[in-house]
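Here is the structure we will look at, set down as structure tokens.
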Amino acid sequence: MFKPSNNVLFNFYAKDIDEAYQFIKSNNIAIVKEIERIGNFSYFNFQDPDGNVLMICNG
């Protein structure tokens with residue numbers, strides 16, 4: 001039986017993290033970690049349709 005991963009499997013780069021966040025949110029995709037900003041680096045985590053956790057980051 002397939003079990004989704006709660007750990008980030010891989011990440012996507014986005015030039016504008018806020019735009020990427022709004023895109024994910026506006027498409028009713030589950031966000032599992034809000035935007036974290038560390039200096040020039042920002043990221044957030046969301047779930048794919050199978051429940052795996054993925055990341056979008058920039059920096």
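The values are calculated or read from the model by the stated rules, or taken from the named source; none is laboratory data. Note that the coordinates shown come from a computational prediction; the quantities given were computed from them, not determined experimentally. Glycine also receives a Cβ, built like all others from the backbone with ideal geometry; neighbour counts cover every protein chain displayed. Remember, those area values only see protein heavy atoms, side chains included, never the ligands or the DNA or RNA. Shrake-Rupley method; radii C 1.70, N 1.55, O 1.52, S 1.80 Å.
Only residues that are over 12 Å from Ile56 (Cβ atoms) and open to solvent by 100 Å² or more (accessible area, probe 1.4 Å) were counted across the stretch 21-33, and they come to 1. Taken across the stretch 43-57, residues that are assigned to a loop (DSSP other than H, G, I, E, B), surrounded by 17 or more Cβ atoms within 10 Å (Cβ to Cβ) and touching a helix residue (DSSP H, G or I) at 6+ places or on another chain (Cβ under 9 Å) do not occur at all. Taking each residue of the stretch 37-59 that is of a type in the set (D, E, K, R) and looking for partners that are assigned to a strand (DSSP E or B) and surrounded by 11 or more Cβ atoms within 10 Å (Cβ to Cβ) with beta-carbon atoms closer than 9 Å, six or more apart or interchain, yields Arg37/Tyr43; Asp48/Leu54. Of all residues in the stretch 1-20, those satisfying the criterion of being more than 13 Å from Cys57 (Cβ to Cβ) and either open to solvent by 100 Å² or more (accessible area, probe 1.4 Å) or of a type in the set (Lys, Arg) (or both) are Met1, Phe2, Lys3, Asn6, Asn7, Glu19. Within the stretch 10-29, residues that are in a loop (DSSP other than H, G, I, E, B) reach partners that are of a type in the set (Val, Ile, Thr) and open to solvent by less than 80 Å² (accessible area, probe 1.4 Å) with beta carbons closer than 6 Å, at six or more positions or on different chains, in the pairs Ala14/Ile56.
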